[in-house]
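Only the coordinates and a few stated rules stand behind these numbers; no lab work does. Values in this document were obtained by computation on a predicted structure and should not be read as measured data. Cβ atoms come from the backbone with ideal geometry, glycine included; neighbour counts cover every protein chain shown.
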Amino acid sequence: MSKKSNTSKRYSAEFKRDAIALVHSSGETVTEVARDIGVSPAGLRNWVNQDKTDRGLGPAGALTTAEREELVRLRRQVRELEQTVEVPGKATAFFANRKTK
């Protein structure tokens, strides 16, 4: 009996590109290609769909890979800026509270 790992595998960008190209050129279904190369069908399907979006062929409103990366970067930057603003506010409240006691 084989045990499945709960950890996800990471595949290189080159491996993903090759897998997507194989789906397009082989005439096989995504499930068949996934089985042949040893990846999950859902994962390969996601790669194919993201590739379509990156090429401008995806559904309206879908984010490209570059847009997703920028969104992650901007959200991280907002968190850092919020923390930077929060510290002086807490310090001001602390010292204002000390003076009134």
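Summary of computed values
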read-out	value
For the chain, calculated [θ]222 nm from helices alone, where every DSSP H run of n ≥ 4 adds -39500 (n - 2.57)	-24000 deg cm²/dmol
Sparsely packed trypsin sites (Lys or Arg not before Pro) within segment 1-97, loop by DSSP, other Cβ within 10 Å at most 16	K3, K4, K9, R10, R55
Taking the chain and dividing mean pair separation by its residue count, relative contact order in percent (alpha carbons under 8 Å, at least six apart)	13 percent
Summed side-chain charge close to V23 - residues other than V23 whose Cβ falls under 13 Å, Lys, Arg +1, Asp, Glu -1	0
Answer label, with log10 I(q)/I(0) by the Debye sum over Cα atoms at q = 0.10, 0.16 Å⁻¹ calculated from the coordinates and candidates (i) -0.40, -0.91; (ii) -0.51, -0.84; (iii) -0.29, -0.68	(ii)
